[in-house]
Amino acid sequence: MLCALLILFACVPVSSQTLPGNTPEATSVASAPTEEPVMDIFKKPLVTHIYTADPSAHVFEGKIYIYPSHDLDHDNLLTANNDGDQFDMEDYHVFSMENMHTLPVDHGEVLNVKDVPWASKQMWAPDAAFKNGTYYLYFPARDKQHIFRIGVATSKSPAGPFTPESSYIEGSFSIDPCVFIDDDGQAYIIFGGLMGGQLEKWQTGQFDPHGVGPKHNEPALGPRIARLAADMLRFDGPVQEILLLDEDKTPILAGEGEKRFFEASWMHKYNGVYYFSYSTGTGHQIAYAIGDKPTGPFVFKGYVLNPVTGWTTHHSIVEFQGKWYLFYHDATLSGGVDYKRNIKVAELTYNPDGTIQTIEP
């Protein structure tokens, strides 16, 4: 009988024995799902292992996907000039967020300038869109003649990698593409940037290396907009200039540095109204204007974001899980180095009349 009892005991599975750390209480704790820690991520660097800027945020597949530019970690001050050569970016990473209380996941490099046949350098602020079961990444870069063009790359996943087209979009120029798809499915691309973005050099419709902007008392240059064809790979019609008006309905002047368009176009829709937001550049603010159609005109209404640490400012606005958010960048991570930036996010609030409450960075 004793032998039988010993044999019976030996056959008991180890997992049911009372071993250190495997008590019934410990087992129940270990098997319970662990909750993700709630983090305060607002107005703090979202990515710290690399420098990131110009965040373009979209909701794809139930998550926020962020498409920023990638600042290289260099200290070559000899490249600093009005053409922006200090902003020497050569690839893109994609980041995703499942909620607004955890940090983004880095999906790694999704496109490199060496893989773009027509490009030579400076892959600046990109944007992304989804249509036809395909994800599209739109990006500016200098071509072999050092003229900024806008290219497009495609993927079946919002996280990439992206395969570039063999050439840039015909008729494209300048920087900072933003793609807006209206409720009727028509897609538009908005683009343009002053100084290093070369918009002043395209006033005649042809590239003029000696082109200069308007005088201070003349209407400011506006961003450009074009319809995208159904395949999202080419323009469908002419490029037009978006007219930005002051609140008295007169054109904003080139000398109005606190209001005029500089770069960083973004378009979104709220309660049936089109919002066009942009960087004022030398004014260091994100301004916005409203209109009743994507092609404008747009009437200046105020500011989305006050000046940040660093010279440049760039943003996107997105609705996610019932709230609105502003993604933007500054240079706090690098201690204020203009070409070593970091992306951030803040909650965005509308007033009852549809105006936007200005955010302090």
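The values are calculated or read from the model by the stated rules, or taken from the named source; none is laboratory data. Note that this is a predicted model, so its numbers are computed, not measured. No Cβ is skipped: glycine too gets one built from the backbone with ideal geometry, and neighbour counts run over all protein chains shown.
Checked against the criterion of being in contact (Cβ under 8 Å) with a residue 60 or more places away in the chain, part of a loop (DSSP other than H, G, I, E, B) and under 28 Å from residue 187 (Cα atoms), the range 110-122 contains not a single residue that satisfies it. In the range 307-314 there is at least one residue matching the filter, namely being assigned to a loop (DSSP other than H, G, I, E, B), touching a Lys or Arg at 6+ places or on another chain (Cβ under 7 Å) and either under 27 Å from residue 101 (Cβ atoms) or aromatic (Phe, Trp, Tyr) (or both). Answer yes or no: is there a residue in the range 184-205 that is in a loop (DSSP other than H, G, I, E, B), within 16 Å of residue 253 (Cα to Cα), over 23 Å from the mean Cα position of the chain (by Cα) and small (Gly, Ala, Ser). Within the range 184-205, none of the residues are in a loop (DSSP other than H, G, I, E, B), within 16 Å of residue 253 (Cα to Cα), over 23 Å from the mean Cα position of the chain (by Cα) and small (Gly, Ala, Ser).
Give the range 22-77 a look and list any residue that's at pLDDT 65 or above, in a loop (DSSP other than H, G, I, E, B) and polar (S, T, N, Q), or say none. Once the filter is applied, which keeps residues that are at pLDDT 65 or above, in a loop (DSSP other than H, G, I, E, B) and polar (S, T, N, Q), the range 22-77 yields 48, 76.
Check the range 203-219 and report whether any residue there is within 14 Å of residue 265 (Cα to Cα) and buried (at least 16 other Cβ atoms within 10 Å of the Cβ). Within the range 203-219 (the criterion being within 14 Å of residue 265 (Cα to Cα) and buried (at least 16 other Cβ atoms within 10 Å of the Cβ)), the answer is no, since none of the residues qualifies. Somewhere in the range 349-360, is a residue crowded, with 18+ Cβ neighbours inside 10 Å, closer than 30 Å to residue 72 by Cα and not aliphatic (A, V, I, L, M)? Looking through the range 349-360, none of the residues is crowded, with 18+ Cβ neighbours inside 10 Å, closer than 30 Å to residue 72 by Cα and not aliphatic (A, V, I, L, M). Going by what's in this entry, would residue 130 be described as surrounded by 21 or more Cβ atoms within 10 Å (Cβ to Cβ) and either in a strand (DSSP E or B) or within 17 Å of the chain's Cα centre (by Cα) (or both)? So residue 130 does not fit the description; no. The conditions of being touching a residue at least 60 places away in the same chain (Cβ under 8 Å) and in contact with a Ser or Thr (Cβ under 6 Å, 6 or more places away or on another chain) are not met by residue 344. Taking the range 268-296 as the range and being closer than 29 Å to residue 84 by Cα, assigned to a strand (DSSP E or B) and not hydroxyl-bearing (Ser, Thr, Tyr) as the test, the residues that pass are 268, 276, 286, 287, 289.
Within the range 235-246, residues that are under 15 Å from residue 180 (Cβ atoms) and modelled with pLDDT of 95 or more sit with their Cβ atoms under 6 Å from residues that are assigned to a loop (DSSP other than H, G, I, E, B) and not polar (S, T, N, Q), at 6+ positions apart or across chains, in these pairs: 235/171; 236/229; 242/222; 242/223; 242/296. Here's a check for you: in the range 217-262, which residue that is in contact with a Gly (Cβ under 6 Å, 6 or more places away or on another chain) and charged (D, E, K, R) is farthest from residue 278 (Cα to Cα)? Going through the qualifying residues, I end up with 227. If the condition is being over 27 Å from residue 319 (Cα atoms) and surrounded by 14 or more Cβ atoms within 10 Å (Cβ to Cβ), then the range 259-284 contributes no residue at all. Against the test of being modelled with pLDDT of 95 or more and surrounded by 17 or more Cβ atoms within 10 Å (Cβ to Cβ), the options 171, 197 yield a single qualifying residue, 197. The requirement of being surrounded by fewer than 22 Cβ atoms within 10 Å (Cβ to Cβ) and either in a loop (DSSP other than H, G, I, E, B) or out of contact with any Asp or Glu (no Cβ under 9 Å at 6 or more places or on another chain) (or both) is not satisfied by residue 299.
Picking from residues in the range 325-348 that are surrounded by 17 or more Cβ atoms within 10 Å (Cβ to Cβ) and more than 19 Å from the chain's Cα centre (by Cα), the one that is nearest to residue 101 (Cα to Cα) is 334.
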